[in-house]
1. Under the rule of at least 5 residues apart or a separate chain, name every residue whose amide H is placed under 5 Å from the amide H of GLN16.
2. Need the full-extension length gain, LYS18 to LEU49, defined as separation in residues times 0.36 nm minus the C-alpha distance. One decimal, nm.
3. Using mean Cβ contacts within 10 Å as the protection proxy, how do 21-28, 78-85, 96-103, 42-49 order, highest first?
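Here, each number is a calculation from the coordinates, and none is a lab measurement. These numbers come from a predicted model, not from an experiment. All Cβ positions, even for glycine, are placed from backbone atoms using ideal geometry, and neighbour counts span all protein chains on display.
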Amino acid sequence: MSLKAEKGLKQRNPKQCKAQTKAGGVCQAPAVERDLCFFHANPEKLAELGRQGGQKNRRWPLDGGSLPHWSRKSINEVTGLLEETINRVRQGPFDLRAANVIGFLAGFS
């Protein structure tokens, strides 16, 4: 039994994008239309897809309600705040930056 790939599976599209990268090199992507790769042929799509990815990765839906005021006069109250924060992070969309700040500030109690 041979583990080598069949000859036809490794061949790429012989046409390569004719555009240059920002660094001045040749684009390595296969050409799909007008001897250009998809992103060089449709530059507006690249910006749109980048925007969509950034919004999905950096924006968390917040649960519109206001958070109750937490006093931190005793270690039990700080422990309760940390417990709630940990549970919210584990349950679903919760701003991880806010959780990080809560954990940091709880260390000063």
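1. ALA31
2. Details: separation 31, 0.36 × 31 = 11.16 nm, distance 2.21 nm.
The span from LYS18 to LEU49 would gain 8.9 nm if fully extended.
3. With the highest mean Cβ count within 10 Å placed first, the list reads 78-85, 96-103, 42-49, 21-28.
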